[in-house]
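Participant: Submitted below is the structure of interest, expressed as structure tokens.
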Amino acid sequence: MKKVTQRRYQDVLQENIFKPLNMHDTGYDSNAKIINQRASGYNNNLDGYTNADYLDMSIPYAAGSLYSTARDLVKWDQALYADKLINKELKKEMYTVSKQRNYALGWEVNQLDADKYGKPLTQVQHGGGIEGFNAFISRIIEDQLLVVILNNTGGAPMTPMTKGLTNIFYNKPYELATENVDSQLYHALQSGGIAQLKSKYNQLDEQKIPLRERSINYFGYELIAMEKLDAAITIFKLNAAKYPNSANTHDSLGEAYLAANQPELALKSYQRALELNPDSESAKQAIKKLQ
């Protein structure tokens, strides 16, 4: 953009979008600027809230350095319908999905079930996140319905919240968004120990709630950081049982056993990880130290 306009990215946005649309609470963020009522970002950890790590907004640049409000985003949304920002031809191009998937120029485009909603509906949406914040915007083109959710506690179930709000608008049945899986498991651990943790995991699995390998693995490392080693071992064992052919699950289990001073069990886990992935350097180094 700078090569074309000879102006800074933030100045182009300010002069061509934010100022004409009276988006007074939107701009390119900078720690040096004094911004009235600017929200701080927090991490919603298992054991409470912490301040989000500092991030110089010149680093994410166009990928996530803007701040805004729901009210300002309404102005932006309505301007798109009124052709104030871009013409109809460019908007058509913006909403045209690629051949590989339902992703267009900065938008995920979905055709909602006409039988469910009584008519064809086009939903264009996108989510995003950065240290201490996550956000989601959904636009139903035919009815000019806008859903904007802005959060400053690190992460929230934005997609199910948006789905629920959309269904409420159209007087359709909806489900309440639930807390993240790791939070549910942690609360089970707090209330009933290891037995309740296992029971909750199995319950979620039976309910077909996604127990993604990466997410459960991350939860296990959070437990290690909190020095809840028995719980961490339990979680890694459950993850390894669900994903038995993943070298990573066994490698992580080995790390938990090491942290709990159980070297023999750690060695077995690392050996299994190496069987599944002969190129695993972490497993090779761990086995070398343990033998």
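The values are calculated or read from the model by the stated rules, or taken from the named source; none is laboratory data. On a predicted model such as this, the values are computed, not experimentally measured, just so you know. Methodologically, a virtual Cβ is constructed for each residue, glycine included, from the backbone with ideal geometry; neighbour enumeration extends over all protein chains shown.
Participant: Does region 142-158 contain any residue that is part of a strand (DSSP E or B), polar (S, T, N, Q), out of contact with any Pro (no Cβ under 8 Å at 6 or more places or on another chain) and surrounded by 14 or more Cβ atoms within 10 Å (Cβ to Cβ)?
Facilitator: So far as region 142-158 goes, yes, one or more of its residues are part of a strand (DSSP E or B), polar (S, T, N, Q), out of contact with any Pro (no Cβ under 8 Å at 6 or more places or on another chain) and surrounded by 14 or more Cβ atoms within 10 Å (Cβ to Cβ).
Participant: Now, a different point. Search region 241-266 for residues being in contact with a Leu (Cβ under 8 Å, 6 or more places away or on another chain) and not aliphatic (A, V, I, L, M), and hand back the single one that is surrounded by the fewest Cβ atoms within 10 Å (Cβ to Cβ).
Facilitator: Checking each candidate, the answer is N245.
Participant: Within region 264-277, is there a residue that is under 30 Å from T153 (Cβ atoms) and either assigned to a loop (DSSP other than H, G, I, E, B) or aliphatic (A, V, I, L, M) (or both)?
Facilitator: no
Participant: Taking the criterion of being of a type in the set (D, E), surrounded by 14 or more Cβ atoms within 10 Å (Cβ to Cβ) and not assigned by TED's automatic domain parsing to the domain that holds L211, would at least one residue in region 97-109 satisfy it?
Facilitator: There is at least one residue in region 97-109 that is of a type in the set (D, E), surrounded by 14 or more Cβ atoms within 10 Å (Cβ to Cβ) and not assigned by TED's automatic domain parsing to the domain that holds L211.
Participant: Go through region 63-84 and give me each residue that's farther than 16 Å from N31 by Cα, of a type in the set (A, V, I, L, M) and either under 21 Å from the mean Cα position of the chain (by Cα) or not assigned by TED's automatic domain parsing to the domain that holds I140 (or both).
Facilitator: A63, A70, L73
Participant: Test Y174 against the criterion of being free of Cβ contacts under 8 Å to residues at least 40 places away in the same chain, within 19 Å of N217 (Cβ to Cβ) and either surrounded by fewer than 15 Cβ atoms within 10 Å (Cβ to Cβ) or of a type in the set (S, T, Y) (or both), and give yes or no.
Facilitator: no
Participant: While we're here: Just checking, how many residues over region 195-226 are in a loop (DSSP other than H, G, I, E, B) and touching a residue at least 60 places away in the same chain (Cβ under 8 Å)?
Facilitator: Residues flagged as in a loop (DSSP other than H, G, I, E, B) and touching a residue at least 60 places away in the same chain (Cβ under 8 Å) within region 195-226 amount to 1.
Participant: Touching a helix residue (DSSP H, G or I) at 6+ places or on another chain (Cβ under 6 Å) and surrounded by 15 or more Cβ atoms within 10 Å (Cβ to Cβ): which single residue out of L121, L189, L165 fits that description?
Facilitator: L189
Participant: Looking at S183, S199, can you tell me which residue is within 30 Å of M57 (Cα to Cα) and polar (S, T, N, Q)?
Facilitator: The conditions single out S183.
Participant: Would you kindly identify the helices (runs of 4 or more DSSP H) lying entirely within region 1-96 that contain at least 3 residues that are free of Cβ contacts under 8 Å to residues at least 40 places away in the same chain and closer than 21 Å to H126 by Cα?
Facilitator: Ranges flagged: 88-94.
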